[in-house]
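Below you'll find the structure, written out as structure tokens, and then a few comments.
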There are 4 protein chains.
Amino acid sequence: MKCVEIVATTGIDGLRVTERPTPRVGPRHVLVRVRAASLNYRDAMILAGSYARGVSLPRIPLSDGAGEVVEVGAEVTRVKPGDRVCGTFFQRWITGPVFPEIQDTALGGTAEGVLTEFALLEAEGVVPFPDHLSFAEAATLPCAGLTAWHGLFEAGNLRAGDTALFLGTGGVSVLGLQFARAAGARAIITSSSDEKLDRAKKLGASDTLNYAKNPNWAASVRELTGGRGVDGVLDVAGGESTKGALEALRHGGHLAIIGGRSGPGGELDRRFILQKGLRVSGINVGSRAMFEAMNRAIAVSRLKPVVDRTYDISESIAAYRDFLTGKHFGKIVITI
Amino acid sequence: MKCVEIVATTGIDGLRVTERPTPRVGPRHVLVRVRAASLNYRDAMILAGSYARGVSLPRIPLSDGAGEVVEVGAEVTRVKPGDRVCGTFFQRWITGPVFPEIQDTALGGTAEGVLTEFALLEAEGVVPFPDHLSFAEAATLPCAGLTAWHGLFEAGNLRAGDTALFLGTGGVSVLGLQFARAAGARAIITSSSDEKLDRAKKLGASDTLNYAKNPNWAASVRELTGGRGVDGVLDVAGGESTKGALEALRHGGHLAIIGGRSGPGGELDRRFILQKGLRVSGINVGSRAMFEAMNRAIAVSRLKPVVDRTYDISESIAAYRDFLTGKHFGKIVITI
Amino acid sequence: MKCVEIVATTGIDGLRVTERPTPRVGPRHVLVRVRAASLNYRDAMILAGSYARGVSLPRIPLSDGAGEVVEVGAEVTRVKPGDRVCGTFFQRWITGPVFPEIQDTALGGTAEGVLTEFALLEAEGVVPFPDHLSFAEAATLPCAGLTAWHGLFEAGNLRAGDTALFLGTGGVSVLGLQFARAAGARAIITSSSDEKLDRAKKLGASDTLNYAKNPNWAASVRELTGGRGVDGVLDVAGGESTKGALEALRHGGHLAIIGGRSGPGGELDRRFILQKGLRVSGINVGSRAMFEAMNRAIAVSRLKPVVDRTYDISESIAAYRDFLTGKHFGKIVITI
Amino acid sequence: MKCVEIVATTGIDGLRVTERPTPRVGPRHVLVRVRAASLNYRDAMILAGSYARGVSLPRIPLSDGAGEVVEVGAEVTRVKPGDRVCGTFFQRWITGPVFPEIQDTALGGTAEGVLTEFALLEAEGVVPFPDHLSFAEAATLPCAGLTAWHGLFEAGNLRAGDTALFLGTGGVSVLGLQFARAAGARAIITSSSDEKLDRAKKLGASDTLNYAKNPNWAASVRELTGGRGVDGVLDVAGGESTKGALEALRHGGHLAIIGGRSGPGGELDRRFILQKGLRVSGINVGSRAMFEAMNRAIAVSRLKPVVDRTYDISESIAAYRDFLTGKHFGKIVITI
């Protein structure tokens, strides 16, 4: 089968398009013919060797894929050949709260990823996706979509009528914006590009702010909420953005900490958390049960994730390269 | 001022349109020029003498009104003359969980109601309503709207992608349907009238069921959810409806018990609750904090409550009479 | 191996002590040398043919056992030979909320039980128990203990300083009493036997009430809480007990519905639930994650479950017979 | 009446013992004859001029007092003369989540404090305390006690069987330790003084660690929990302690951020929060409803807060001075 491998964690040069034998299916596994996969910052960090956890090489990259089941193991009843599914980022986090061992089976990291014609996944580690989505659209969900859903609704308890703030127009933020709107919440989004803000407006953003033109954007967010502040923020960025987010939150509001372009680092000022009685949660993608809940919401609202551009698997290196420029709005997808 | 009084709890004959002196404003009270009021089953029960709590007579009826503040007490800063507000059903339930003393200040019951030109309310017992609502629309919220909101989202934790079931097309059910849709949930509604189901469909109902034509409607609800069952039900009815609701709920689903047309009574079978691990909550209208949360959701979604018909205060007796026929869809409103 | 089988669901006559081949261990299973097992009302109902779900015969009975692991399958890393473990009631309910399929692997019902020398269990379906417990004490936990824990703390959120009410001195109630006290809560317990109430007092009951002597025991419970009412009740009984429990609860209090001596049936009056804004939950034993949480609480408090009397496996029929008299306090255990 | 005033926020020199007229009681106020008051770091910061919010001078200091009601306003029914009560830190935070305006009525800060013979408090701003406590013991509760309770149980959801970590032996930590033990949790505490650790052990600490002798104390905490990590931490200190706390927490554990000796400042590393999926909450004392819940827990467990030393009001300056040395264990109390 055709696949991509990371052969060295030295950046773009470490990628190669290659062939491997198609995996054989064990009794509790399923084989998925992957049709589309999408890129996340974690994938860039893994390739650059800057990810918290090392990967053994060669490794098939990418956590986020969608395809159809082609074969199931003898004990498998959850899915059947022909089902359209995504793989779950953590193959063994089914439900309940986070636990350390989820990291042992992370697609494209500690386990083989999905940038391949055929992916061997745990029977419990796949989830059917809504009928109205294409493979490319579904491929945006396993990491970026679920992270946004988890941060907004599972950890943050955002409700209809609440206001959420999104920092920039990367994949997590744009999907978060769509989820917030579908759930009856108000969504404010920032960017340094008026063009991207226009696209966000068309997707339903209630209000947009160009932080390059308006350095006091956090104060503007407060004004937009009548001085109350926002209920939840997806903090994908760290650094100055996080400071603005802390300022923009209401008393008792929720900050979801997400690893983004700038990596997992940066600091939080205890003072803000204390004075406003804030709640902060670290968001590690999510469980399969959360994925299923997200899919139900997508099905009811019939929202469509935004695919910025698609590449063929043979153009994978170009896809990574363009992803690293940060010029995209929504998700970069590779079709297979 | 013009007002309506209950002079005997013997049914329609016990009502009269009359005059009273306009109340004087104490330091922590506000005077509201009521513009619209709406009817609930509780009002009919009070008038019939079948309500759990007796009322002292004469009593101005109705809990649900909207109007504008015309005068505020010396210590009042929350609102000012000209503000458009609703009174809260329980004048002293501001926030936090339910407590017994809320019953001591229930409008139109233990306290004077709002079917009057001028209502004297606690400064803490009024809440501004969304700008896009008329007085008549806002008057549907204090009891019926808040009960639906509380049952679905505060007690029941309904989320985007979940499915809610509504039994009949009374005020609570129709507002609940609108709230559920605004929050990205699916809404299934029943009625014995195809005409009412058509109206529900136009309001956004995902699916409708005529229980008169389909005695196995509960099984049909399960089918509509792929066999999973619904996440939440507003049980406004008791009796056979409740049995169907218990059957239609998913494992771990939520039944919100609400006093409706048939009064608060009836029984619940422990067996269903046990076997499916259900959750059941008694819903007593709600707190002001819940009202404010509901208003934010209404403002974001710009939904408009359904006013079936309006009557002038001089036609109050006709309004009660028509209400008792149960032919309305949504709410009966009296303008003042 | 020696074991007990149900050969007919016709009551005591349907039991026999017999031999079976020792099971062979698959890759994701463990073999446990059972040392003790305990009886629950469900076991009596299954034997009498009155349980909601039929069982295929012959069937090894009992859900609640403790023993030591003697062999593990090739893929098993959770436990190792020599570990002291209990089996989990639902072999595949690991964590998260209840779901219908848990019923497919219920020990002593849809799956073979633990009244046997050797039980073949799922690797994910065993849980180590606290060091200070004997096998007999640990055997009280899987159904009765976990049901009490789930009802009080997982569904009911009982906290230090709250008051819980226990109806009678069966296994669930006595373990619940001990858990409530270990968690810093107050515990009120009822019985028709002063002798049993004395024993409950020695176990830490804050207050005891003889319902045979005091038909107004529910009013007495309210007095004992200064008129406020209790925060939580384990409703093991149905019928008149349930009515008293509803009366004894505070506004917003929690009723945990549990299948007990009188089976799962009976009715709940909607009126009480509505007027006091009560919360009601159906309790289906619980997940392994709940079991682990319970075990941590038992380990910290070093509480010892109450074993009323032990029987040898050869005396199993006598054990069932004595259990059915209802004269025990705490649990009846069979050692193997 | 005798009282203490801050006349300049320049440290100890800014305090004076003086006289003021006894306040007159308005219709919704109560007059309390204060019998004891206790010191918190906030009081030291206010005196030093380093508190986030300025105070108008002269100001009677201290938030934490206990005494008996001597007079109530015309509209007051909650309490009566003779009742033994504490004042609530935030006079108008009754129940529900935090909101900005709580800061407008903070005793000893934006409002007059309790280091005075007679304190005029809001009728809603007093709370009866458990019978088994002396005035001195009760005076430890309004800030230090409630902060610990809120951080452990309201924000952190600590349960029986969980493990909590306490950093140092200041007032919040020692009360937190007692609450955790009363609630059936395990408590690990650190100090640089073996003598203080001995005292903590006698109060029920499950394990103690001298961080001066064991710089790897965070790793030792993990070992004490079998590698799992602790469920909750009260982070009173910031700086290096916070780093250790983040290391000691389990996946999904809870960090309660509290303003302590080192003020509200310091930074939190996003990396830890993200990788372990931690939850963080800022703790602003708490509401009256939380105070009442805490009091119920204290009453059931009959725990006694630790008063390190008491001073007469005339020795107030010495009390502050000794407090600032940090040599105390538990609370410093001034009797009046």
- [ ] May I ask you to list the GluC sites (Glu not before Pro) in region A:23-115 that are in a DSSP loop and have at most 16 other Cβ atoms within 10 Å of their Cβ?
- [x] A:GLU75
TODO: Work out the length of the dipole vector of the protein assembly as shown about its Cα centre, built from +1 on the beta-carbon of each Lys and Arg and -1 on the beta-carbon of each Asp and Glu, and round it to the nearest 20 debye.
DONE: 0
Task: Whether region A:97-138 is rounded, prolate or oblate, judged on the alpha carbon gyration tensor where a/c under 1.5 counts as rounded - done: oblate
Task: Rotation relating D and B, chain B residue nearest the axis via C-beta, angstrom - done: B:GLY96, 2
Open item on the list: Just to check, using Stokes-Einstein with a Kirkwood Rh over alpha carbon pairs, what's the diffusion coefficient of region C:236-309 at 4 °C and 1.567 mPa s in µm²/s?
Closed with: 89
TODO: Express the relative contact order of region B:89-199 as a whole percentage, based on alpha carbon pairs under 8 Å and six or more residues apart in sequence.
DONE: 18
TODO: Can you list the distances in nanometres, one decimal and ascending, from the B:ALA212 label point to the identical position in each other copy, with the point 7 Å along Cα to Cβ?
DONE: 5.6, 6.4, 8.5
Task: In region B:296-330, the trypsin sites (Lys or Arg not before Pro) that fall in loop regions by DSSP, at most 15 other Cβ within 10 Å - done: B:ARG302, B:LYS327
Task: Alpha-carbon spread of region A:75-161, three principal axes, descending order, Å - done: 42, 34, 26
- [ ] Alpha carbons only, please: Rg and Dmax for region B:191-336, in angstrom.
- [x] 17.3, 52
Open item on the list: Using +1 at the C-beta of Lys and Arg and -1 at the C-beta of Asp and Glu, which of A:SER287, A:ILE102, A:GLN91 has the Cα lying farthest in the positive direction of the dipole of chain A?
Closed with: A:SER287
Task: region C:13-150 - charge dipole about Cα centre, Lys and Arg +1 at Cβ, Asp and Glu -1, debye rounded to 20 - done: 120
Task: Computed Rg/Rh of the protein assembly as shown, alpha carbon atoms with Kirkwood Rh - done: 0.96
Open item on the list: With the label 7 angstrom out along Cα to Cβ, how close does C:THR18 come to the same site in each of the other copies, in nm, nearest first?
Closed with: 5.8, 8.2, 9.3
- [ ] Among DSSP beta bridges lying fully in region C:114-264, give the percent that are antiparallel, nearest 5.
- [x] 5
Open item on the list: Need one number: nm distance between label points at A:SER50 and B:GLU223, each 7 Å from Cα along Cα→Cβ, rounded to one decimal.
Closed with: 5.7
TODO: Please work out whether region B:1-46 counts as rounded, prolate or oblate from its C-alpha gyration tensor, where a ≥ b ≥ c are the square roots of the eigenvalues and a/c under 1.5 means rounded, while otherwise a/b larger than b/c means prolate and anything else oblate?
DONE: prolate
Task: Long-range tail of P(r) for region B:1-94 (Cα pairs > 18 Å, %) - done: 53
Open item on the list: Cut-off is 10 Å between beta-carbons; in what order do C:SER206, D:SER50, A:SER56, A:SER316 appear when sorted fewest neighbours first?
Closed with: A:SER56, D:SER50, C:SER206, A:SER316
Task: Candidates B:LEU107, B:LEU57, B:LEU120, ranked by Gaussian network fluctuation over chain B, Cα under 10 Å, top entry - done: B:LEU57
Task: Candidate lysines - alpha carbon under 26 Å from D:LYS196, same-chain residues fewer than 8 apart omitted - done: D:LYS213, D:LYS243, D:LYS304, D:LYS327, D:LYS331
TODO: Using Cα pairs closer than 8 Å and at least 6 residues apart in sequence, work out the relative contact order for region C:154-295, in percent.
DONE: 20
Open item on the list: Over all directions, how big on average is the projection of the convex hull of the alpha-carbon atoms in chain B, in square nanometres?
Closed with: 15.6
Task: Distances in nm from A:ILE317 to the matching label points in the other copies, shortest first (labels 7 Å along Cα to Cβ) - done: 8.0, 8.1, 9.1
- [ ] Let me have the relative contact order for chain A, percent, based on Cα pairs under 8 Å that are six or more residues apart.
- [x] 19
Open item on the list: Please report the antiparallel percentage of the DSSP beta bridges confined to chain C, to the nearest 5.
Closed with: 55
Open item on the list: For a test of the definition: using alpha carbon positions, the gyration tensor, and the 1.5 limit on a/c, classify region B:126-277 as rounded, prolate or oblate.
Closed with: prolate
Open item on the list: Can you divide the C-alpha Rg of region C:163-202 by 2.2 N^0.38 Å and report the result to two decimal places?
Closed with: 1.03
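Read-outs: derived from the displayed coordinates by stated rules, not from any lab. Values in this document were obtained by computation on a predicted structure and should not be read as measured data. Note that each Cβ is placed from the backbone with ideal geometry, even for glycine, and that neighbours are counted across all protein chains shown.
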